[in-house]
Amino acid sequence: MNIEVLKETLVIKMGLFSFGSKRGKVRKMLENEEMQEAVNQALKDKKVLDALIELLDDKVPGIKGDSLLILTQVMEIDKKKVKGYIDRLILKVMEVSKTRNPYVKENSMILAYKIAQEFPEDVMKRKEEITKSLDTLLEEGDKNDKAFALLMIKQLELKELIPKVEELMEVQDKVLLPFEGYKWVSLGDIAKEVLEGLK
C-alpha cells in the first residue's frame, strides 16, 4: 500500500472515530476514576453526555452507578445541558432504579427525583409510562422502592395513584432513602405525607 493511500485511510478512520460514540472513552475515564474530568467533558461535549446515557445499559454496576452520579453532577452545575434528554432519560433512570445493586439504586433514585423536581413538564410528556412504572414499583418493589415511588408520586402530583398510596398508610416498615429526612422513617408516615400533598 503506498503512502498516499495509507494517509487517506487514516484520515477516513480518524474521521469516523471523531463522529462516533464516545462510550469507550468515557468508560475508560470511569474505570480510571476520573470523575471530575468526566463531569467537565460532559459539560462541554454533547457526545460525552450521550455516552453517559448509553452507559446506563452497561453490565458493570460500578459503571452504571458512576454514570448516574456524573449525570446528577452535570444537572447540578448546568441543568440546561440535560434538558433535551429528559423524556428518554427519566424512563431509563426509572428502569435502572429497579436494580438490587445499592450503589446503582441510590444514584438512580437521586437522579430521577432531581429530574422530577427540575423538569416536571418534560417528565409529564411521558406521564403514562411514568405512572405505570411507579405503579409497578408500588406493587412489586421492596419497602425502599415503594417509598421512592411515593416521593415521585407526590413530586409529579399523580392523583390517579392515590388509592395505591392509601394502601400503604398503615405500613410500619422503616425505610432508608438517599434523601434528607427520609432515613428510618416508616412507609406509612411517608404515604400520609404524600396524601396530604396530593389532596
Original post:
Roughly how many nanometres apart are two label points built 7 Å out from the Cα toward the Cβ at E95 and K83?
Top reply: 2.6
**OP:** Name the residue farthest towards the positive end of the dipole of the chain from the options N32, G62, L134, assuming +1 on Cβ of Lys and Arg, -1 on Cβ of Asp and Glu, about the Cα centre.
**Re:** N32
**OP:** Work out the FRET efficiency for L176 and D50 from their Cβ-Cβ distance, taking R0 = 30 Å, and round it to the nearest 0.05.
**Re:** 0.35
**OP:** Measure nothing fancy, just the Cα-based angle from helix 187-198's long axis to the longest principal axis of the chain, in degrees from 0 to 90, nearest 10.
**Re:** 90
Original post:
Could you give the dipole magnitude of segment 119-199 about its Cα centre, charging the beta-carbon of Lys and Arg +1 and that of Asp and Glu -1, in debye to the nearest 20?
Top reply: 140
**OP:** Would you order F119, F179 from fewest to most other beta-carbon atoms within 10 Å of each residue's own beta-carbon?
**Re:** F179, F119
**OP:** Please find, in a Gaussian network model of the chain (springs between Cα atoms separated by less than 10 Å), the residue of M35, M94, M152 whose mean-square fluctuation is greatest.
**Re:** M35
Original post:
In whole angstrom, how far apart do the alpha carbon centroids of segment 105-123 and segment 43-103 sit?
Top reply: 11
**OP:** Can you give me the P(r) profile for segment 119-199? Cα pairs, bins 10 angstrom wide beginning at 0, each as a whole percent.
**Re:** 20, 54, 25, 1
**OP:** Within segment 33-90, report the GluC sites (Glu not before Pro) that DSSP leaves as loop and that have at most 11 other Cβ atoms within 10 Å.
**Re:** E33
**OP:** Using a Gaussian network model of the chain whose springs link C-alpha atoms within less than 10 Å, name the residue from I77, I90, I110 with the highest mean-square fluctuation.
**Re:** I77
**OP:** Kindly provide the Kirkwood hydrodynamic radius of the chain in Å, to one decimal, from all pairs of distinct alpha carbon atoms.
**Re:** 18.3
Subject >> Unit charges on C-beta of K, R, D, E only; dipole of the chain, Debye >> reply: 620
Original post:
With a 10 Å Cβ neighbour count serving as the proxy for reagent exposure, in which order, fewest first, do M109, M75 appear?
Top reply: M75, M109
**OP:** Calculate the spin-label point distance for E128 paired with D57, positioning each point 7 Å from the Cα along the beta-carbon direction, and give it in nanometres.
**Re:** 2.3
Original post:
When the chain is treated as a GNM, springs tying every alpha-carbon pair under 10 Å, which of K98, K59, K146 comes out with the largest mean-square fluctuation?
Top reply: K59
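Taken together, the values in this text are just the output of simple stated rules run on the coordinates, not laboratory data. Not measured: the values here are computed from a predicted model. With ideal geometry, Cβ positions are generated from the backbone for all residues, glycine too; neighbour counts draw on all protein chains shown.
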